[in-house]
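The values are calculated or read from the model by the stated rules, or taken from the named source; none is laboratory data. This one's a predicted model, so the numbers in the text were calculated from it and none came from an experiment. Because the Cβ atoms are built from the backbone with ideal geometry, glycine has one as well, and the counts that use them run over all protein chains shown.
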Amino acid sequence: MDYLEILRRHLRLYLVVIIILNNIVLVGLWAAGLELAHLSPIGLVSCSLIISAIGALAIVYIGSNLILKPIQALRQAILSLSPDGQRTPPPDIQNLKVGRELVASMVGQINQLSSVARQTSAVNETQNHELGRNFIAQNIPLPLLILDPTETIIFANSAAAQYIGIAADQLLGKNVYMVLDMAFPDQNTFDRWLKQAKTANATATASWERVRLGVRDTHPARLFDLAAYYNRDNPDKIETMLVLFDHTKQYSQDEQAISFIALTVHELRTPLTLLRGYIEVFEEELGNSPNVDPDLKSFMQKMRAQAEQLTSFVNNILNVARVDDNQLELHLEKESWPNILKSAVNALSLQAKVRGITIHCRIDTSVPEVGVDRLSVQEVINNLIDNAIKYSGTSKVINIDSHLTKEGLIETTVQDFGVGIPSNVMQNLFTKFYRDHRNRAQIGGTGLGLYLSKAIIDAHGGTLWVRSRPGQGSTFGFTLVPYAKLAEEQKQNGDTDLTRSAHGWIKNHSLYRR
Amino acid sequence: MDTNTNTQTGRTVLCIEDEHFISELYTRALTKEGYKVTNVADGIKGLAEAETNQYDIILLDLMLPNLTGVEILRKLRDPARQPAIRSKIVITTNLEQRDDVRADIEKQADGYLVKAELTPHELVEFLNKVK
């Protein structure tokens, strides 16, 4: 017999007993009222009406209680198991008069179900916590990092630890930007992507090439491709996954090329340092001596001019290599343009003077402060004036002019009145190693200067242009952006540092925050 | 150029430089200005000298035999060092570094100069301003 049937029988029995008792009381009272109290018929009827009303109420009360008790016990059983109902005690089944077996069996079922649910969630949790021990994650030969929503590393496999050069347990709990000093080839950095993903997407994926892992003191630089997956709604807070694909060997071939150039440059610079040092000593001594052949002084001046020219050429080589390898990094700062221009012109005045050339420099007072990388723009001016000197021919004047354009940019022009540039040459003018073949025999140079200058000006957000007529001379001009405008852009992008791309390794901007 | 002669009387300079001709030129220019110059051409000896005697300024080349300038700089600027080395350290090198490496070095030093870019006199002018 099943427990429900038992409950039904019990209920029927109780109800029948109650109704019979009620009727007995009613009949008994009726008889007693007639025989003993000699009540009138109206008194009898009203008395029995009252009694039966009381009886009906008693039946309803006792009956509903009988039915509700088991339901209440079940409810209590469920509540006592729910995780937020810790204060509800389990039901006292033994005291149940009706449906005890049914309730006992159902409570048993509920307990069983709940323990299964608990076990399943426990297994899930262990699986999450055991991610560290997870065979695949741990043994995959690719460095793998998992970040929580605060960009804290919550998992790093052994390949990652080895690659980064920090033990896995040391990585856990650290902010990813503190541990991974990543530099990206352009402005699309990882932190920028993540920031964007967090505000815009529930999930996102991205990949980067040629990411550089910062040079730690003892650790060689690493170059790798990076893939990242973002999932905002992951319940286990596995929000961001990073996988690194090492390409150090492949990518560092370019680096080696750069270090070969760096070495060559070093070897060229040492004798240059000495030459410039000795020339200075001689010029000093010649200047102090009254009876020296004036030719000697002028020869020494020419030697100095040549040494200076060679120094800037060496810098050109270096910077062209950097441009080609995306390693020229510009730090744009607020600078006074007249100051930079004047000091660059001064540096070249000796080279002009030894060739009998005069440089006229006119700077409009309306020129605002510029946002430039001082050394780089000095090189541009240097290259343009150097060219103007070289290609001046018999002309003895170079005009430099700087003013504010209608578009609000700072334009600087370098004008010579020399040999000019044939129109068929113009289009190749800014190509590396390109030089006008007709001039090749007469004028020295490498064809690096304009290529480099254009790259530098482009990276500043300006343009470099040329206007020329064969036989009448050339005008080279370039524009620069006012600092105020750059600062405004920077503010909008939320950048912390004005580091320009196109030619540079851009540091992951988070790293600049202090 | 000698109008300022002896304005720097007594300031001591340790020049850690393995290119003898360069240290010779620098010594000449610095001595004229009143500096007292000590020359060392080796990394390990240079570090030992910097640790033993207190110099006002240390001129530090990066490419050195036995111990590189970067290592010397790191050791001299080690925050755990007791007592701290008070000398101003000016890097003088012709070696071109990647910008981030250079920035790292510059953070620890009081100056970073490319030797080919300046004459001995210009070096002296720079050091006059290093206080």
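What the table below lists for this structure:
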{"quantity": "Given (1) in a strand (DSSP E or B); (2) among the β-branched types (Val, Ile, Thr); (3) farther than 23 Å from A:VAL323 by Cβ, number of the condition A:VAL414 does not satisfy", "calculated": "(3)"}
{"quantity": "Index of the failed condition, B:ASP78 passing every other in (1) away from chain A (no Cβ under 14 Å); (2) of a type outside the set (Lys, Arg); (3) over 13 Å from the mean Cα position of the chain (by Cα); (4) more than 25 Å from B:GLU96 (Cβ to Cβ)", "calculated": "(1)"}
{"quantity": "Contacts under 9 angstrom Cβ, first residue in region A:261-272 being facing chain B (nearest Cβ under 7 Å), partner assigned to a helix (DSSP H, G or I) and at pLDDT below 85, 6 or more apart", "calculated": "A:ALA262/A:LEU318; A:ALA262/A:ALA321; A:VAL265/A:ASN315; A:VAL265/A:ILE317; A:VAL265/A:LEU318; A:VAL265/A:ALA321"}
{"quantity": "Any chance A:ILE410 is buried (at least 19 other Cβ atoms within 10 Å of the Cβ), in contact (Cβ under 8 Å) with a residue 12 or more places away in the chain and touching a Cys at 6+ places or on another chain (Cβ under 9 Å)", "calculated": "no"}
{"quantity": "Candidate set from region A:180-193 (those that are under 15 Å from A:THR152 (Cα atoms) and surrounded by fewer than 21 Cβ atoms within 10 Å (Cβ to Cβ)); member that is nearest to the chain's Cα centre (by Cα)", "calculated": "A:ASP191"}
{"quantity": "Flag for B:LEU73 being more than 9 Å from every other protein chain (Cβ to nearest Cβ) and in a helix (DSSP H, G or I)", "calculated": "yes"}
{"quantity": "Complete set of residues in region A:403-422 that are touching an Asp or Glu at 6+ places or on another chain (Cβ under 8 Å) and more than 14 Å from A:ILE385 (Cα to Cα)", "calculated": "A:HIS403, A:LEU404, A:THR405, A:ILE421, A:PRO422"}
{"quantity": "Qualifying position, being crowded, with 16+ Cβ neighbours inside 10 Å and assigned to a strand (DSSP E or B), among A:ILE359, A:ILE340", "calculated": "A:ILE359"}
{"quantity": "Condition broken by B:LYS32, with the remaining ones in (1) at the interface with chain A (Cβ under 10 Å from one of its Cβ atoms); (2) farther than 22 Å from B:VAL124 by Cα; (3) more than 13 Å from the chain's Cα centre (by Cα) satisfied", "calculated": "(2)"}
{"quantity": "Residue that is nearest to B:ASN128 (Cα to Cα), among those in region B:9-23 that are touching a Phe, Trp or Tyr at 6+ places or on another chain (Cβ under 9 Å) and within 14 Å of chain A (Cβ to nearest Cβ)", "calculated": "B:CYS15"}
{"quantity": "Yes/no for A:GLU333 being crowded, with 17+ Cβ neighbours inside 10 Å and in contact with a helix residue (DSSP H, G or I) (Cβ under 9 Å, 6 or more places away or on another chain)", "calculated": "no"}
{"quantity": "Subset of region B:81-104 that is away from every other protein chain (no Cβ under 14 Å) and charged (D, E, K, R) - its residue that is surrounded by the fewest Cβ atoms within 10 Å (Cβ to Cβ)", "calculated": "B:ARG86"}
{"quantity": "Conditions (1) away from chain B (no Cβ under 14 Å); (2) in a helix (DSSP H, G or I); (3) within 30 Å of A:LEU486 (Cα to Cα); (4) not aromatic (Phe, Trp, Tyr); number of the one not met by A:THR365", "calculated": "(2)"}
{"quantity": "Of residues in region B:105-126 being farther than 16 Å from B:THR68 by Cβ and assigned to a loop (DSSP other than H, G, I, E, B), the one farthest from the other protein chains (Cβ to nearest Cβ)", "calculated": "B:ASP110"}
{"quantity": "Selection from region B:42-67 of residues that are aliphatic (A, V, I, L, M), away from chain A (no Cβ under 14 Å), free of Cβ contacts under 8 Å to residues at least 60 places away in the same chain and surrounded by 15 or more Cβ atoms within 10 Å (Cβ to Cβ)", "calculated": "B:LEU47, B:ALA50, B:ILE58, B:LEU60, B:LEU67"}
{"quantity": "Those helices (runs of 4 or more DSSP H) lying entirely in region A:426-497 with at least 1 residues of a type in the set (Val, Ile, Thr) and modelled with pLDDT of 80 or more", "calculated": "A:449-459"}
{"quantity": "Residues that are among the hydrophobic types (A, V, I, L, M, F, W, C) and either in a loop (DSSP other than H, G, I, E, B) or modelled with pLDDT of 95 or more (or both), drawn from region B:6-21", "calculated": "B:VAL13, B:LEU14, B:CYS15, B:ILE16"}
{"quantity": "All positions within region A:288-309 that are part of a helix (DSSP H, G or I) and free of Cβ contacts under 8 Å to residues at least 40 places away in the same chain", "calculated": "A:ASN288, A:PRO294, A:ASP295, A:LEU296, A:LYS297, A:PHE299, A:MET300, A:MET303, A:GLN306, A:ALA307"}
{"quantity": "Subset of region A:310-335 (residues that are part of a helix (DSSP H, G or I) and farther than 16 Å from A:ILE456 by Cα)", "calculated": "A:LEU310, A:THR311, A:VAL314"}
{"quantity": "Per-region count, region A:279-305, residues within 7 Å of chain B (Cβ to nearest Cβ) and within 51 Å of the chain's Cα centre (by Cα)", "calculated": "1"}
{"quantity": "So B:TYR26, is it part of a strand (DSSP E or B), within 14 Å of another protein chain (Cβ to nearest Cβ) and of a type outside the set (Val, Ile, Thr)", "calculated": "no"}
{"quantity": "Subset of region A:373-400 [in a strand (DSSP E or B), in contact with a Lys or Arg (Cβ under 9 Å, 6 or more places away or on another chain) and of a type in the set (A, V, I, L, M, F, W, C)]", "calculated": "A:ILE400"}
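Okay, residues lined up against (1) in contact with an Asp or Glu (Cβ under 8 Å, 6 or more places away or on another chain); (2) assigned to a helix (DSSP H, G or I); (3) surrounded by 12 or more Cβ atoms within 10 Å (Cβ to Cβ):
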| position | (1), (2), (3) |
| --- | --- |
| A:LEU13 | no, yes, no |
| A:VAL17 | no, yes, no |
| A:ILE20 | no, yes, no |
| A:ILE24 | no, yes, no |
| A:ALA31 | no, yes, no |
| A:HIS38 | no, no, no |
| A:LEU44 | no, yes, yes |
| A:CYS47 | no, yes, yes |
| A:ILE59 | no, yes, yes |
